[in-house]
1. Once both labels are modelled 7 Å past Cα along the beta-carbon direction, what's the R295-E167 spacing in nm?
2. Which percent of Cα-Cα pairs in segment 1-143 sits in each 5 Å bin, short to long?
3. Less than 13 Å Cβ to Cβ from T102, Lys/Arg counted +1 and Asp/Glu -1: what total charge do the surrounding residues give?
4. Quote the charge dipole size of the chain about the Cα centre in Debye, to the nearest 20; the model charges only the Cβ of Lys and Arg (+1) and of Asp and Glu (-1).
5. Between segment 170-190 and segment 47-86, what is the separation of their alpha carbon centroids in Å?
6. Taking a 30 Å limit on the Cα-Cα distance, which of the listed pairs K55/K368; K239/K354; K123/K239; K20/K239 fall beyond it?
7. Could you state the angle between the C-alpha long axis of helix 58-67 and the longest principal axis of the C-alpha atoms of the chain, as a value from 0 to 90 degrees rounded to the nearest 10?
8. Determine the percent antiparallel among the DSSP beta bridges restricted to the chain, to the nearest 5.
Amino acid sequence: MKKKGKKTKRGPSKTVILNKPVIAVTGSAGKTTTKEMIYAILQRRMPTYRSMYNKNFLGNTRAHVSRLRDEHKAAVLEFGILRSGHIRQHCQIIQPNLGVITNIGTAHIGNFGGDIGRLAMAKSELIRNMKSTGIVFLNWDCPYSRQFTQQPFAGTFAGRFVTFGVEQEAHYRADSIAQEEGGISFVCSFQQQREAMFIPILGEHNVYNALAAIAVAHTLGIPFQEIREGLRRFQPQRKRLVSYRLAHNVQVLDDTYSSNPDAAKAAIDVLSQSGHSTKIAVLASMLEMGCYEVRGHEEVGEYLSQKNVDYLYTLGRSARHIARAAIRAGFPANRVMHCPNKEVLHRSLAKRMKPDTTFLVKGSHRLKMGETVQFLCNVLARGKRKPR
């Protein structure tokens, strides 16, 4: 009879090094969208393996080892992080030769004592642990990412850095950004070339994700025409700024997968640019903020107060700081309501259901704000949802 022993933490026995493009995507926001955009382009040219959905933990990376096949000519993987050392462990399981860091922001900042510098160092483990002669793609508009070419972030990395951005001079740069029906158009400049692009997803922040995908694909030798077609066929992920058009010209923006201050501000931008006469923000608490909890929520409230938003509803203990900060910054107090639970929230929103209205619903995943989206779509509108 076997004697039961103490379970030990499983680690990789040997790093898998593949003789094909292996692209690892990490960052504070936009990982899944960027990964899916890269896949949409590469799959047109070659059989490509990808991480499914947002499955980006160490166990998911271990599972990739047995699922990758010889027929896969490229792989694009999402590397998630909760603590320092996680990116290094991902690389010890499967070593990437191309790495994308989308940005450094406030997601999971509570796990790093509210110190964004520590978070940046943890994200930069990708550079120090991927193939030392590989290629790293950096968001040049992100001040923390601009430090990644220096010590101590770069370590012994001897490869190449490729940059993308909107504001700073970068290898791949976007301008002429415009919100159109069903998505965003922009022009991508590379050296002397200027290429018109369109992505079928809302939010100008997604231009950065598209630029990262363009940079990766073009560096791998894919021409701009194929890149353009791949981006047009990109399928946005559920609960990430998906727009539902309902009866009576009511729109619901479902951005309920996750939330952090940077992502909340980006979603508020999309709401404020809506063409509807009434714009309503429904914002729930942002989790994993640690000592940055109060300040992070206050930043969102202050930001919203300066935008073209008509009503603010908040839900959750921490979200009350959004409401209070918005009022302190000048948002009309009679247009703000902090709700103790979803039942109260839904009753209150029912009173705001009028023609020509846009609702933005956002909050951390564990708060299940998708229930509010369902309420608005199925109970109030009683019309068929049509995502676009």
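1. 1.9
2. Final binned percentages: 2, 10, 20, 22, 20, 12, 7, 4, 2, 1, 0, 0, 0.
3. Values: positive: K31, K35, K123; negative: E36, E78, D141, D262.
Taking every Cβ under 13 Å from that of T102, the sum is -1.
4. On the way: 58 positive and 29 negative charges, 433 e Å.
So the dipole magnitude of the chain works out to roughly 2080 debye.
5. 29
6. Details: K55/K368 18 Å; K239/K354 23 Å; K123/K239 25 Å; K20/K239 32 Å.
Exceeds cut-off: K20/K239.
7. Once rounded, one gets 60 degrees.
8. Numbers: 20 of 64 bridges.
Expressed as a percentage, antiparallel bridges in the chain total about 30.
Laboratory data are not the source of any read-out in this text; all were calculated from the coordinates shown. Since we're looking at a predicted model, the values are computed, not measured. So basically every Cβ, Gly included, is an ideal-geometry build from the backbone, and we count neighbours across all protein chains shown.
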